[in-house]
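Peer 1: The structure's right below; bear with me while I get my questions together.
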Amino acid sequence: MAINVLLALMVILSFLIAIPLHEFGHALMASWLGDKTPRSEGRMSLSWRTHLDPLGTIMCVVMAFQPGLAVGLGWGKPVKPDPWKLRVGPNIGLLIVAVAGPIFSLLIGLLVALLIRFLPLVLFATPFTFRILQFMVVFASVNIGLTLLNIIPLYPLDGYQILYTLLPSRQAVQFAKSAAYGPLLILALFFLLPFLAQLSGLGNFPLFQLPTYFLLWTLNIINAVTGPLPIPVQNIYLF
(Lines give C-alpha, C1' and ligand atoms only; values in the text may rest on other atoms or scores of the structure.)
Protein backbone atom coordinates (compact mmCIF):
# COMPACT_ATOMS: atom_id res chain seq x y z
CA MET A 1 0.00 0.00 0.00
CA ALA A 2 1.13 3.55 -0.73
CA ILE A 3 1.77 6.09 1.99
CA ASN A 4 -0.76 8.92 2.10
CA VAL A 5 1.69 11.76 2.74
CA LEU A 6 -0.92 14.52 3.07
CA LEU A 7 -2.94 12.46 5.55
CA ALA A 8 0.23 11.68 7.52
CA LEU A 9 1.07 15.38 7.74
CA MET A 10 -2.47 16.14 8.92
CA VAL A 11 -2.15 13.47 11.61
CA ILE A 12 1.19 14.84 12.82
CA LEU A 13 -0.06 18.44 12.87
CA SER A 14 -3.17 17.35 14.77
CA PHE A 15 -0.98 15.53 17.28
CA LEU A 16 1.23 18.59 17.74
CA ILE A 17 -1.88 20.60 18.61
CA ALA A 18 -3.64 17.91 20.64
CA ILE A 19 -0.78 16.99 22.98
CA PRO A 20 -0.27 20.52 24.42
CA LEU A 21 -4.04 20.78 24.89
CA HIS A 22 -4.11 17.39 26.62
CA GLU A 23 -1.30 18.29 29.02
CA PHE A 24 -2.82 21.75 29.56
CA GLY A 25 -5.94 19.95 30.79
CA HIS A 26 -3.88 18.19 33.47
CA ALA A 27 -2.14 21.42 34.51
CA LEU A 28 -5.38 23.39 34.60
CA MET A 29 -7.03 20.84 36.88
CA ALA A 30 -4.01 20.83 39.21
CA SER A 31 -4.22 24.61 39.39
CA TRP A 32 -7.94 24.49 40.17
CA LEU A 33 -7.19 22.05 42.98
CA GLY A 34 -4.67 24.46 44.51
CA ASP A 35 -1.29 23.27 43.20
CA LYS A 36 0.59 25.94 41.24
CA THR A 37 3.57 23.67 40.50
CA PRO A 38 2.56 22.90 36.91
CA ARG A 39 2.00 26.62 36.29
CA SER A 40 5.49 27.46 37.59
CA GLU A 41 6.93 24.76 35.31
CA GLY A 42 5.25 26.30 32.25
CA ARG A 43 2.67 23.52 31.84
CA MET A 44 -0.18 26.03 31.63
CA SER A 45 1.16 27.10 28.24
CA LEU A 46 0.75 25.41 24.86
CA SER A 47 4.49 25.30 24.18
CA TRP A 48 5.78 22.30 22.24
CA ARG A 49 9.09 22.42 24.11
CA THR A 50 7.25 22.11 27.41
CA HIS A 51 4.79 19.38 26.49
CA LEU A 52 6.21 17.17 23.73
CA ASP A 53 7.96 13.94 24.67
CA PRO A 54 10.59 12.98 22.06
CA LEU A 55 9.81 9.25 22.06
CA GLY A 56 6.04 9.78 22.13
CA THR A 57 6.30 12.20 19.21
CA ILE A 58 8.49 9.81 17.22
CA MET A 59 5.87 7.09 17.73
CA CYS A 60 3.22 9.41 16.27
CA VAL A 61 5.37 10.30 13.25
CA VAL A 62 6.22 6.66 12.51
CA MET A 63 2.61 5.53 12.80
CA ALA A 64 1.34 8.47 10.74
CA PHE A 65 3.45 7.26 7.81
CA GLN A 66 2.30 3.64 8.02
CA PRO A 67 1.22 2.44 4.53
CA GLY A 68 -2.55 2.23 4.41
CA LEU A 69 -2.96 3.24 8.05
CA ALA A 70 -2.21 6.71 9.37
CA VAL A 71 -3.09 7.01 13.05
CA GLY A 72 -2.05 9.68 15.55
CA LEU A 73 -0.99 7.80 18.67
CA GLY A 74 1.72 8.96 21.06
CA TRP A 75 2.19 10.75 24.34
CA GLY A 76 3.52 13.95 25.89
CA LYS A 77 5.55 14.76 28.99
CA PRO A 78 3.45 13.86 32.05
CA VAL A 79 2.32 16.75 34.25
CA LYS A 80 3.57 16.05 37.78
CA PRO A 81 1.66 18.01 40.44
CA ASP A 82 2.69 18.13 44.08
CA PRO A 83 0.15 15.76 45.70
CA TRP A 84 0.41 17.47 49.08
CA LYS A 85 -0.70 20.80 47.64
CA LEU A 86 -3.94 19.43 46.18
CA ARG A 87 -6.76 20.57 48.42
CA VAL A 88 -8.79 17.37 48.03
CA GLY A 89 -5.96 15.18 49.32
CA PRO A 90 -3.00 13.52 47.60
CA ASN A 91 -4.60 10.35 46.23
CA ILE A 92 -7.93 11.81 45.16
CA GLY A 93 -6.17 14.89 43.82
CA LEU A 94 -3.73 12.89 41.70
CA LEU A 95 -6.62 10.76 40.42
CA ILE A 96 -8.63 13.83 39.38
CA VAL A 97 -5.60 15.43 37.69
CA ALA A 98 -4.80 12.19 35.84
CA VAL A 99 -8.38 11.84 34.56
CA ALA A 100 -8.57 15.50 33.50
CA GLY A 101 -6.28 15.12 30.48
CA PRO A 102 -8.20 12.30 28.75
CA ILE A 103 -11.53 14.00 29.48
CA PHE A 104 -10.21 17.27 28.05
CA SER A 105 -9.04 15.52 24.87
CA LEU A 106 -12.32 13.64 24.55
CA LEU A 107 -14.36 16.84 24.89
CA ILE A 108 -12.26 18.54 22.21
CA GLY A 109 -12.71 15.60 19.84
CA LEU A 110 -16.45 15.44 20.44
CA LEU A 111 -16.88 19.20 20.04
CA VAL A 112 -15.07 19.16 16.69
CA ALA A 113 -17.19 16.19 15.59
CA LEU A 114 -20.33 18.08 16.66
CA LEU A 115 -19.18 21.09 14.67
CA ILE A 116 -18.78 18.87 11.59
CA ARG A 117 -22.40 17.80 12.00
CA PHE A 118 -23.65 21.34 11.46
CA LEU A 119 -21.22 22.46 8.76
CA PRO A 120 -22.66 23.54 5.39
CA LEU A 121 -22.51 21.00 2.57
CA VAL A 122 -20.30 23.37 0.57
CA LEU A 123 -17.34 21.89 2.46
CA PHE A 124 -17.86 18.72 0.42
CA ALA A 125 -18.02 20.62 -2.87
CA THR A 126 -14.45 21.69 -3.70
CA PRO A 127 -11.06 20.02 -3.18
CA PHE A 128 -9.83 22.84 -0.91
CA THR A 129 -12.85 22.95 1.39
CA PHE A 130 -12.92 19.15 1.49
CA ARG A 131 -9.36 19.16 2.83
CA ILE A 132 -10.49 21.50 5.60
CA LEU A 133 -13.23 19.03 6.46
CA GLN A 134 -10.73 16.16 6.34
CA PHE A 135 -8.39 17.95 8.74
CA MET A 136 -11.27 18.48 11.17
CA VAL A 137 -12.07 14.75 11.08
CA VAL A 138 -8.39 13.88 11.58
CA PHE A 139 -8.06 16.35 14.46
CA ALA A 140 -11.16 14.94 16.17
CA SER A 141 -9.84 11.40 15.67
CA VAL A 142 -6.42 12.20 17.13
CA ASN A 143 -7.95 13.77 20.24
CA ILE A 144 -10.33 10.86 20.80
CA GLY A 145 -7.47 8.45 20.09
CA LEU A 146 -5.38 10.11 22.81
CA THR A 147 -8.25 9.54 25.22
CA LEU A 148 -8.48 5.85 24.37
CA LEU A 149 -4.71 5.35 24.43
CA ASN A 150 -4.39 6.98 27.84
CA ILE A 151 -6.76 4.46 29.40
CA ILE A 152 -3.98 1.87 29.09
CA PRO A 153 -2.21 1.50 32.48
CA LEU A 154 1.34 1.85 31.19
CA TYR A 155 3.73 4.68 32.05
CA PRO A 156 3.77 7.49 30.89
CA LEU A 157 0.08 7.18 29.94
CA ASP A 158 -2.58 8.52 32.28
CA GLY A 159 -3.97 5.06 32.89
CA TYR A 160 -0.76 4.27 34.78
CA GLN A 161 -1.29 7.16 37.21
CA ILE A 162 -5.00 6.35 37.56
CA LEU A 163 -4.32 2.73 38.47
CA TYR A 164 -1.41 3.71 40.74
CA THR A 165 -3.65 5.97 42.84
CA LEU A 166 -6.35 3.29 43.11
CA LEU A 167 -4.05 0.49 44.28
CA PRO A 168 -3.28 -0.19 47.97
CA SER A 169 0.12 1.14 49.05
CA ARG A 170 2.00 -2.18 48.84
CA GLN A 171 0.63 -3.05 45.41
CA ALA A 172 1.22 0.51 44.21
CA VAL A 173 4.91 0.25 45.10
CA GLN A 174 5.19 -3.00 43.15
CA PHE A 175 3.26 -1.54 40.22
CA ALA A 176 5.58 1.49 40.11
CA LYS A 177 8.43 -0.80 39.11
CA SER A 178 6.76 -1.28 35.73
CA ALA A 179 7.23 2.41 34.85
CA ALA A 180 10.71 1.84 33.43
CA TYR A 181 9.33 -0.57 30.82
CA GLY A 182 6.18 1.36 29.95
CA PRO A 183 7.36 3.20 26.81
CA LEU A 184 8.93 0.06 25.39
CA LEU A 185 5.74 -1.94 25.95
CA ILE A 186 3.65 0.74 24.24
CA LEU A 187 5.96 0.75 21.23
CA ALA A 188 5.88 -3.04 21.13
CA LEU A 189 2.07 -3.22 21.25
CA PHE A 190 1.41 -0.53 18.67
CA PHE A 191 4.36 -0.76 16.31
CA LEU A 192 6.79 -3.65 16.74
CA LEU A 193 4.29 -6.52 17.18
CA PRO A 194 2.01 -5.41 14.29
CA PHE A 195 5.10 -5.02 12.07
CA LEU A 196 6.45 -8.47 12.95
CA ALA A 197 2.98 -9.97 12.58
CA GLN A 198 2.71 -8.68 9.02
CA LEU A 199 6.08 -10.22 8.17
CA SER A 200 5.12 -13.57 9.68
CA GLY A 201 1.60 -13.70 8.24
CA LEU A 202 -0.11 -13.36 11.63
CA GLY A 203 -1.49 -9.88 10.98
CA ASN A 204 -5.11 -10.99 11.49
CA PHE A 205 -4.57 -11.82 15.18
CA PRO A 206 -6.49 -9.17 17.21
CA LEU A 207 -3.59 -8.26 19.53
CA PHE A 208 -1.49 -7.35 16.49
CA GLN A 209 -4.10 -4.98 15.07
CA LEU A 210 -4.36 -2.45 17.90
CA PRO A 211 -3.60 0.61 15.72
CA THR A 212 -6.35 -0.41 13.29
CA TYR A 213 -8.83 -0.95 16.11
CA PHE A 214 -7.99 2.41 17.67
CA LEU A 215 -8.60 4.18 14.38
CA LEU A 216 -11.89 2.35 13.83
CA TRP A 217 -13.06 3.13 17.37
CA THR A 218 -12.31 6.83 17.00
CA LEU A 219 -14.03 7.04 13.62
CA ASN A 220 -17.08 5.18 14.95
CA ILE A 221 -17.34 7.65 17.83
CA ILE A 222 -17.06 10.57 15.40
CA ASN A 223 -19.67 9.01 13.14
CA ALA A 224 -22.06 8.62 16.08
CA VAL A 225 -21.76 12.35 16.81
CA THR A 226 -21.88 13.67 13.26
CA GLY A 227 -24.76 11.47 12.13
CA PRO A 228 -25.25 10.75 8.40
CA LEU A 229 -22.93 12.72 6.13
CA PRO A 230 -22.82 12.89 2.32
CA ILE A 231 -19.53 10.99 2.53
CA PRO A 232 -18.79 8.40 5.27
CA VAL A 233 -16.43 9.60 8.01
CA GLN A 234 -13.96 6.79 7.28
CA ASN A 235 -13.72 7.83 3.61
CA ILE A 236 -13.19 11.46 4.60
CA TYR A 237 -10.38 10.44 6.95
CA LEU A 238 -8.58 8.17 4.52
CA PHE A 239 -9.05 10.31 1.40
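Peer 1: Check Leu123, Leu154, Leu146 and return the single one that is at pLDDT 95 or above and part of a helix (DSSP H, G or I).
Peer 2: Exactly one residue qualifies, and that residue is Leu146.
Peer 1: Does the range 57-74 hold any residues that are open to solvent by less than 60 Å² (accessible area, probe 1.4 Å) and more than 13 Å from Phe191 (Cβ to Cβ), and which are they?
Peer 2: If the condition is that a residue be open to solvent by less than 60 Å² (accessible area, probe 1.4 Å) and more than 13 Å from Phe191 (Cβ to Cβ), then Thr57, Gly68, Ala70, Gly72 are the ones that fit.
Peer 1: Another question about this same structure. Just checking, does the range 95-112 include any residue being in a loop (DSSP other than H, G, I, E, B), farther than 19 Å from Leu6 by Cβ and not acidic (Asp, Glu)?
Peer 2: Checked against the condition, which is being in a loop (DSSP other than H, G, I, E, B), farther than 19 Å from Leu6 by Cβ and not acidic (Asp, Glu), the range 95-112 yields no hits at all.
Peer 1: Among what's in the range 126-136 and is polar (S, T, N, Q) and assigned to a helix (DSSP H, G or I), pick the residue that is nearest to the chain's Cα centre (by Cα).
Peer 2: Filtering the range 126-136 for residues that are polar (S, T, N, Q) and assigned to a helix (DSSP H, G or I), the one nearest to the chain's Cα centre (by Cα) comes out as Gln134.
Peer 1: May I ask you to say which residue of Phe139, Phe214 is aromatic (Phe, Trp, Tyr), open to solvent by less than 20 Å² (accessible area, probe 1.4 Å), modelled with pLDDT of 90 or more and within 21 Å of the chain's Cα centre (by Cα)?
Peer 2: Just a single option satisfies the conditions, and that option is Phe214.
Peer 1: With the checklist (1) over 14 Å from Asn150 (Cβ atoms); (2) touching a Gly at 6+ places or on another chain (Cβ under 6 Å); (3) at pLDDT 95 or above in hand, flag the one item Met1 doesn't pass.
Peer 2: (3)
Peer 1: Do we find that Gln209 is within 27 Å of Ser105 (Cα to Cα) and either at pLDDT below 90 or touching a strand residue (DSSP E or B) at 6+ places or on another chain (Cβ under 7 Å) (or both) in this structure?
Peer 2: yes
Peer 1: Go through the range 78-93 and count every residue that is closer than 25 Å to Thr57 by Cα and open to solvent by 30 Å² or more (accessible area, probe 1.4 Å).
Peer 2: Of the residues in the range 78-93, 2 are closer than 25 Å to Thr57 by Cα and open to solvent by 30 Å² or more (accessible area, probe 1.4 Å).
Peer 1: Still on this structure, I have one more. When only residues in the range 103-117 that are free of Cβ contacts under 8 Å to residues at least 60 places away in the same chain and under 13 Å from the mean Cα position of the chain (by Cα) count, which is nearest to Asn143 (Cα to Cα)?
Peer 2: Checked the range 103-117; the qualifying residue nearest to Asn143 (Cα to Cα) is Leu106.
Peer 1: List pairs: first residue in the range 183-202 and open to solvent by 40 Å² or more (accessible area, probe 1.4 Å), second residue outside any helix (DSSP H, G or I) and at pLDDT 80 or above anywhere in the structure, Cβ distance under 8 angstrom, at least six positions apart or on different chains.
Peer 2: Leu185/Leu154
The values are calculated or read from the model by the stated rules, or taken from the named source; none is laboratory data. It should be emphasised that the depicted structure is a prediction, and the values quoted were computed from it without experimental measurement. Cβ atoms come from the backbone with ideal geometry, glycine included; neighbour counts cover every protein chain shown. The protein model used for the area step is the full one, side chains on, heavy atoms only, and it has no ligands, DNA or RNA in it. Shrake-Rupley method; radii C 1.70, N 1.55, O 1.52, S 1.80 Å.
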